[in-house]
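Following: one structure in structure tokens, then a few remarks.
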Amino acid sequence: MEYNHKDIEKRWQQYWKENNTYKTEVDKNRPKYYVLDMFPYPSGAGLHVGHPLGYIASDIFSRYKRLQGFNVLHPMGYDAYGLPAEQYAIQTGQHPEVTTMQNIARYREQLDKIGFCYDWSREIKTCEPSYYKWTQWAFTRMFKSYFNTKLNKACPISELEEYFAANGSKEVPAHGTEELVFTADEWNAYSQKEKNEILMNYRIAYLGNTMVNWCPKLGTVLANDEVSEGVSLRGGYPVEQKLMYQWCLRVSAYAGRLLNDLDTIEWSDSIKETQRNWIGYSEGAEMLFPVEGKDFQLKIFTTRADTIFGVTFMVLAPESEYVNQLVTAEQKETVEAYLDEVKHKTERERMIEKKVSGVFTGSYAINPITGKNIPVYISDYVLAGYGTGAIMAVPAHDSRDYAFAKHFGLDIVPLIEGCDVSEESFDAKEGIVTNSSNERLQLNGLTVKEAIAKTKIYIKEAGIGKVKVNYRLRDAIFSRQRYWGEPFPVYYDENNQPQVLNDDELPLLLPEVDKFLPTETGEPPLGRANNWVAKNGRPLELNTMPGFAGSSAYYLRYMDPKNENALVSLETNEYWRSVDLYVGGTEHATGHLIYSRFWNKFLYDYGFVCEPEPFKKLINQGMIQGRSNFVYRIKDTNTFVSYNLKKDYDVTPIHVDVNIVSNDVLDIEKFKAWRPEFNNAEFILEDGKYVCGYAVEKMSKSMFNVVNPDDIVEVYGADTLRLYEMFLGPIEQSKPWDTNGIDGVNRFLKRLWGLFFKGEEMVIKEEKASQEALKSLHKLIKKVTFDIEHFSYNTSVSAFMICVNELNAMKCVSKEIYDDLVVLLAPFAPHIAEELWHSLGHETSVCDAKWPVCNEEYLVEASVNYAISFNGKARFNIAVPNGTSKEEVEKMALAHESSAKWMEGKTPKKVIVVPNKIVNIVI
RNA sequence: GCCCGGAUGGUGGAAUGGUAGACACGAAGGACUUAAAAUCCUUUGGCUAUUGCAGCUGUGCGGGUUCAAGUCCCGCUCCGGGUACCA
């Protein structure tokens, strides 16, 4: 009987389905383990061979944990809302739901072929009303909350109203967009409309005027993590800055907790570091600079309070609210021209140019320490969104200020002993401070660090500033001017103020529209819906939520996917708690993985969930890149020359479909059939073969390097695909897909099969295993257990190969050995394992077997090989009976006949004996 | 610019400070076969010797610590990823 993967895989996939093998229920008698994959966006292109990499890794771990007796939750679903489906809908008129569901069906079909142990009864699609009800529900809770800075958590907004009624805005312990000032009496006299407007400044989900990344081509705003280098991540269209009234989530309030709690989770250092940078903690000082002849002060933020004596000018962001107050009559025209110019530059243009530009406001500020007058400029190198949108410029010690000062001929005053600022600024935070003392403050002679500390104390005491922590992390912009997303559960009341729907009105269903485009008046697509009003007849919000809304709490819903009364019941959440192992790509480091943590923390604040962090351990699988192949056409001919001969010709490389190339050798007949124009192509061969060139590129249709997992499954089987993807290299490493080694893994499975079957006959017998076979097996148990725990699957596969070769060589047919071997293999290659398991006479699924435990006794050797080295250089080996003492080993090594030769008659100075390893003799 | 990774044969990659190159691919040679495929066996870092055992050298470069360094420390080079007028 030959190893027939098609037969085997079909049969056992059917068996698992019929027996509900992977169905999971809460079971308080067993310890739980929650393994999760980042759910995919079902794109039209289907899965390529890179997608399953992480899924296979998590599947192995899930199966392993289950065999160890854990109750494993391992679900899968789809991140179904997204731009591509909508773009496709705009082009074709096809409803995004239709294409999304088709894509999901395709994904499911592909996933099923690989033999994953997902509990599909828990499947989630983010576009289903029963799911997005809870996305909307969470939003309404955020709307009804503010962030209490004293308790460092979200609290009901009603508490804030009570506070205002009693105290006004004085020392309000709430995270607000702006600092508002009013008394209790004023608050109590405000109309409801005015009160609402004030509360909006504090809500966790709030409407605010914010600078947004506006993508005109996509017709929507984008979050910071959806933009890279001035273009949209999806589609690569230019993005510009625009002030818009948008829904936002007060993620920035959680910056401190998001930062600190990174220390409590097991993520890779690199991804934690990426998040730390994105959150961008910086401790500094906020300082007030009086403005000459005006009754107000400029507030700035700096981390270099020590450089106050070197401030020779100040700069405002073009969008800063100070601009209007500081521009003098004679400068008005120049400033307006500049602001206009800046506004029309996109982020991308600003970045590419990097040219110094700016204008003088006409006003002067007063340095609060030196009392000197300093000019105030406007320039686009200062960002409105960070700090206070205004800076004190210290050209001697900041390269950007330096460039600006040089350009406008402003003073540069060095403040560090011995630094040279004639060519460039001295940015390092080190050295001894000079030029920095007067009757108010003396910093000369101090180190930079000391000077910063002293200045902070001074400005606090003098009442000209305070110590302040700033975060780079911005609030998340939560509105999208799109159709294919969750509708906001929001209507606008008679004052045109937003109100959230009651829980019993959720979910608010996504309405039908005639076209998926903005309305003629420029409203988002929902403006086209008929009768888009709440029960009370008031108009509903026209924006929809962004992609990350649905993916922020999906891991909670898997725990209790059918619950109609809660996102997840408290009891169920108490059992499953949080994700123990999360597997996915690094590309979500600053998006989904921040938003999810934020969302979870918000729910945690109200006790809706019991864990403060959603994902305990995170493994990032690397990307699988494409490996493209090229043929080389001699210019102006239809003749193709083989790779190593191309240097003699003038050739054009042409991408060729990797599916008609094998081990870089072109299948000439298939090539001719591939494209009509190659029908009568001619070839210059080497050694009778046409060898192709290759390059590592992104896997994409246009490079003809997409490898479909279905094709691999068809030819080699799912088990080979699974083993091979793991064998390719460390899971976290990116690597090109290269089919050149898949035969080796396939051969291994055939060899394994050959151990069980000779011809039609099953040869495994109930007989006692030899010591030799037991040793081989237990070596494997130890290695594979260790490797799985450390996600080192590639070395596990190697270990299987070695073990099978050893068993083959010793002609082992003992069932005792193969029972355990099959269980060990089950996580990696479940189909063949299940087949062999049943062949061994077991009635139940191998998924319910017990993971074997290594018995160290079998591994003990009768004798141990010591490498004898001289001055660190290994020379020969000796065998020593196991358990020999260090001293005895030393004696035996020195007494060995070969030792005399290497010691050259000298007496050893020192002998080091490393147990079971090495004897090093120093001469 | 800053932050984080990485560099080991023709290739993918192994190696708790302890005999570098496991395992696999590819290649070469051989067996079986009329032949091919499949399968099996041998060799396979480099250099020298291979009519002998063997010897030397070797983990991007330059130093250091150590009895012993691919591994630890210092200084570079190159490659990959993230991020950026963040004051």
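Name the residue from A:844, A:668, A:222 whose Cα lies farthest towards the positive end of the charge dipole of chain A, charges +1 on Cβ of Lys and Arg and -1 on Cβ of Asp and Glu. Farthest along the dipole direction, towards plus: A:844. Relative to the longest principal axis of the Cα atoms of chain A, the long axis of helix A:718-727 lies at roughly 70 degrees. Of the residues A:755, A:693, A:622, the one whose Cα sits farthest toward the positive end of the charge dipole of region A:613-769, with +1 on the Cβ of Lys and Arg and -1 on the Cβ of Asp and Glu, is A:622. Protection proxy ranking, highest mean first, for peptides A:462-475, A:365-378: A:365-378, A:462-475, where packing is the per-residue count of other beta-carbon atoms within 10 Å, averaged. Taking each of A:886/A:906; A:17/A:783; A:355/A:698; A:28/A:616; A:170/A:193 in turn, the alpha-carbon distance tops 25 angstrom for A:17/A:783; A:355/A:698.
For residue A:254, the shell of other residues with beta-carbons less than 11 Å away shows a net charge of +2, using +1 for Lys and Arg and -1 for Asp and Glu.
In chain A, helices alone account for a calculated mean residue ellipticity at 222 nm of -10000 deg cm²/dmol, with every DSSP H run of four or more residues adding -39,500 (n - 2.57). Taking other C-beta atoms within 10 angstrom as a stand-in for reagent exposure, A:909, A:782 fall in the order A:909, A:782, fewest first. The Cβ shell under 14 Å around residue A:727 holds other residues with a net charge of -2, Lys and Arg each +1, Asp and Glu each -1.
Axis angle, to the nearest 10 degrees, between helix A:83-92 and the longest C-alpha principal axis of chain A: 90 degrees. Computed from the C-beta positions of residue A:273 and residue A:462 and an R0 of 35 Å, the FRET efficiency is 0.40 to the nearest 0.05. The ranking of A:90, A:279 by Cβ neighbour count inside 10 Å, starting from the fewest, reads A:90, A:279. With both labels modelled 7 Å from their Cα along Cα-to-Cβ, the residue A:649 to residue A:228 distance reads 3.7 nm. Relative contact order of chain A, please, whole-number percent, based on alpha carbon pairs below 8 angstrom and at least 6 residues apart. The value is 13 percent. Only one residue of A:422, A:435, A:477 has its Cα farthest out toward the positive end of the dipole of region A:420-483, where Lys and Arg carry +1 and Asp and Glu -1 on Cβ, and that residue is A:477.
For a straight C-alpha distance cut-off of 18 angstrom, the aspartates and glutamates reachable from residue A:909 (same-chain residues fewer than eight places away being disregarded) are A:887, A:888, A:890. Structural descriptor for region A:383-460: relative contact order 20 percent, calculated from alpha carbon pairs under 8 angstrom and at least 6 residues apart.
The angle separating the long axis of helix A:96-114 from the principal Cα axis of greatest extent in chain A is about 30 degrees. In region A:678-820, Cα pairs under 8 Å separated by at least six residues give a relative contact order of 25 percent.
Each peptide in A:678-684, A:428-434, A:252-258 was scored by the mean count of other Cβ atoms within 10 Å over its residues; highest first, the order is A:252-258, A:428-434, A:678-684.
Amide H contacts of residue A:384 (H built 1.01 Å from N, in plane; Pro and chain starts excluded): A:319 sit under 5 Å, all sequence-distant by 5 or more or on other chains.
A simple packing score, the average count of other Cβ atoms within 10 Å per residue, orders the peptides A:313-319, A:845-851 as A:313-319, A:845-851, with the highest score first. The DSSP beta bridges internal to region A:539-692 are antiparallel in roughly 60% of cases. In straight-distance terms, cross-link reach from residue A:23 covers every one of the aspartates and glutamates whose alpha-carbon lies under 18 Å from its own, apart from those fewer than eight places away in the same chain; here that gives A:37, A:59, A:112, A:119, A:123, A:560, A:834, A:848. Using alpha carbons only, how many angstrom separate the centre of region A:296-328 from the centre of region A:197-229? One Cα centre to the other: 26 Å. For residue A:670, the lysines whose Cα comes closer than 18 Å to its Cα, not counting residues fewer than 8 places off in the same chain, are A:689. A simple spin-label model places the labels of residue A:18 and residue A:772 4.2 nm from each other, with each point 7 Å out along Cα-to-Cβ. Only Lys, Arg, Asp and Glu carry charge here, each on its Cβ (+1 for the first two, -1 for the last two); on that basis region A:512-655 has a dipole of about 460 debye about its Cα centre. Here region A:149-231 is assigned +1 on the Cβ of each Lys and Arg and -1 on the Cβ of each Asp and Glu. Its dipole about the Cα centre then comes out at about 180 debye.
Bridge orientation summary for chain A: considering DSSP beta bridges with both residues in this region, about 75 percent are antiparallel. For the listed residue pairs A:242/A:299; A:153/A:272; A:406/A:460; A:65/A:917; A:133/A:535; A:217/A:242, the alpha carbons are over 26 angstrom apart in A:406/A:460; A:65/A:917. What FRET efficiency, computed as 1/(1 + (r/R0)^6) with R0 = 30 Å and r the Cβ-Cβ distance, is obtained for residue A:106 and residue A:574, rounded to the nearest 0.05? Plugging the Cβ-Cβ distance into 1/(1 + (r/R0)^6) gives 0.20.
If R0 is 41 Å, the Cβ-Cβ spacing of residue A:848 and residue A:882 corresponds to a FRET efficiency of close to 0.60.
Inter-label distance, residue A:805 to residue A:907: 4.8 nm, where each label sits 7 Å from its Cα along the C-beta direction. Summing Lys and Arg as +1 and Asp and Glu as -1 over all other residues whose Cβ lies under 13 Å from the Cβ of residue A:328 gives a net charge of -2. Charged side chains reduced to their Cβ positions (Lys and Arg at +1, Asp and Glu at -1) give chain A a dipole of some 1620 debye around its Cα centre.
Quick note: the coordinates plus some simple rules give every number you see, no bench work behind them. Quick caveat, the model's predicted, so the values are computed rather than measured. Quick reminder, even Gly has a Cβ in these numbers, built from the backbone with ideal geometry, and neighbours come from all protein chains shown.
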